[in-house]
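Working notes, structure below.
The values are calculated or read from the model by the stated rules, or taken from the named source; none is laboratory data. These numbers come from a predicted model, not from an experiment. Glycine also receives a Cβ, built like all others from the backbone with ideal geometry; neighbour counts cover every protein chain displayed.
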Amino acid sequence: MRVLITGAHGFVGGHLLELLRTEHPEVEVFALVRPRGGAPGPRPGKATILEADIDDAPAVAAAVATARPDRIVHLAGQSSVHHSWIDPGATLRTNVMGIVHLMDAVRAERLRPRVLVVGSADEYGIVGDASVPVREDTPLRPVSPYAVSKVAQGLLALEYAAPGGPEVLRTRTFPHTGPGRGEAFAESSFARQIAEVAGGHRPAVLSVGNLDAVRDFTDVRDVVRAYWALLEAGAGAASRPAGVYNVCSGRGVRLGDLLSRLVALAGVEVEIRQDPGRFRPADIPVLVGDPSRLRAATGWEPRLGLDRTLGDLLEDWRARVSARSPVR
């Protein structure tokens, strides 16, 4: 089997590469990365590195022609809600035209791979209490440019799934974290600041945004197992009527409580200060998903609890900041 992973240089892509290297060594992996963007770190011989920006249609076409994949995991794109408010046009261009470039390349090669298009729970937007936990048939009400781009991405992908074409599966993935998470995301920003306090690199003051939001966090290592389980399950079965799956734990946690757990794990005393600049123009108060459809289709269950995930995230940030000179 030949698998193409777009965005393989990113947070999720790196964990997916590691899963395939350790648990599915028989798979021939093609890792699509941005030119000069830093290649991922699979062991030699375990992945073929292809360079192409998802915004560059000819380069994407050349990569698909080389890989000729049986499976595709589409991870490449702009993934920050915050950044989407700063540059909505770039977010829409990358996430919407990126899927067009990829699927046009598949069509040009007359391939029929199974394609997993990774979407976001932000597509649901603000939902009423009666709709929590959120199911896949909940109406989509995106409230950020990022969320709009992910709705469009998923719907466009389906346009290519005509009879005789590729099979498209979609996810709406809820918040996920773990080692390697970028600091643009709230829980990782908390962990970075706590690690800096613990290492003497900053005063014992944390700058935070909205702590009342409730989110459904899953460990990224469980998330990539879910992606692979979807690709390997009987994709044409009647049990898959909609082709879209929530990837989530089904459990919500208030961001303020998550922060308290990180502080307790680190064993530090800190002052919490809310920074208005960290609040979003539009925020979703509660976003908790129902993973029943994913569970029924694949048997997937999360293996790693939140404290394990947060502990590993904190240790990762400790390692990242350990070489810095402490403040005087």
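Does any residue of the range 295-309 turn out to be touching a residue at least 60 places away in the same chain (Cβ under 8 Å) and of a type in the set (Ser, Thr, Tyr)?
yes
Tell me which residues, restricted to the range 271-327, are among the β-branched types (Val, Ile, Thr) and in a loop (DSSP other than H, G, I, E, B).
ILE284, VAL288, VAL327
Quick test for you: out of ARG240, ARG278, ARG221, pick the one residue that is among the basic types (Lys, Arg), assigned by TED's automatic domain parsing to the domain that holds LEU116 and modelled with pLDDT under 95.
The match here is ARG240.
Test GLU167 against the criterion of being acidic (Asp, Glu) and modelled with pLDDT of 95 or more, and give yes or no.
Criteria not met by GLU167.
Only one of GLU109, GLU51, GLU136 is within 20 Å of LEU158 (Cβ to Cβ) and touching a strand residue (DSSP E or B) at 6+ places or on another chain (Cβ under 8 Å). Can you tell me which?
Of the residues listed, the single one that is within 20 Å of LEU158 (Cβ to Cβ) and touching a strand residue (DSSP E or B) at 6+ places or on another chain (Cβ under 8 Å) is GLU136.
When you go through (1) part of a helix (DSSP H, G or I); (2) surrounded by 21 or more Cβ atoms within 10 Å (Cβ to Cβ) one by one for VAL117, which number turns out not to apply?
(1)
Residues LEU211, LEU206: which one is at negative phi, buried (at least 20 other Cβ atoms within 10 Å of the Cβ) and either modelled with pLDDT under 95 or not assigned by TED's automatic domain parsing to the domain that holds GLY119 (or both)?
Among LEU211, LEU206, only LEU206 is at negative phi, buried (at least 20 other Cβ atoms within 10 Å of the Cβ) and either modelled with pLDDT under 95 or not assigned by TED's automatic domain parsing to the domain that holds GLY119 (or both).
Output the number of the condition that LEU140 fails; it satisfies all remaining conditions of (1) buried (at least 21 other Cβ atoms within 10 Å of the Cβ); (2) free of Cβ contacts under 8 Å to residues at least 24 places away in the same chain.
The single condition LEU140 does not satisfy is (1).
Determine, yes or no, whether ILE99 is among the aliphatic types (A, V, I, L, M), at pLDDT 95 or above, in a helix (DSSP H, G or I) and crowded, with 22+ Cβ neighbours inside 10 Å.
It is true that ILE99 is among the aliphatic types (A, V, I, L, M), at pLDDT 95 or above, in a helix (DSSP H, G or I) and crowded, with 22+ Cβ neighbours inside 10 Å.
Kindly provide the set of residues from the range 109-152 that are under 19 Å from LEU230 (Cα atoms) and either among the hydrophobic types (A, V, I, L, M, F, W, C) or touching a His at 6+ places or on another chain (Cβ under 9 Å) (or both), ordered by number.
If the condition is that a residue be under 19 Å from LEU230 (Cα atoms) and either among the hydrophobic types (A, V, I, L, M, F, W, C) or touching a His at 6+ places or on another chain (Cβ under 9 Å) (or both), then VAL115, LEU116, VAL117, VAL118, ALA121 are the ones that fit.
Considering every residue within the range 187-204, establish whether at least one is within 15 Å of the chain's Cα centre (by Cα) and either closer than 16 Å to VAL247 by Cα or without any contact (Cβ under 8 Å) to a residue 60 or more places away in the chain (or both).
Checked the range 187-204: no residue is within 15 Å of the chain's Cα centre (by Cα) and either closer than 16 Å to VAL247 by Cα or without any contact (Cβ under 8 Å) to a residue 60 or more places away in the chain (or both).
State whether one or more residues within the range 68-86 are hydroxyl-bearing (Ser, Thr, Tyr), touching a strand residue (DSSP E or B) at 6+ places or on another chain (Cβ under 6 Å) and in contact (Cβ under 8 Å) with a residue 40 or more places away in the chain.
no
If LEU75 meets every condition in (1) exposed (fewer than 15 other Cβ atoms within 10 Å of the Cβ); (2) under 18 Å from VAL33 (Cβ atoms) apart from one, which number is that one?
The number of the failed condition is (1).
Can you name the number of the only condition in (1) hydrophobic (A, V, I, L, M, F, W, C); (2) surrounded by fewer than 19 Cβ atoms within 10 Å (Cβ to Cβ); (3) closer than 15 Å to GLY13 by Cα that TRP85 fails?
Every condition holds for TRP85 apart from (3).
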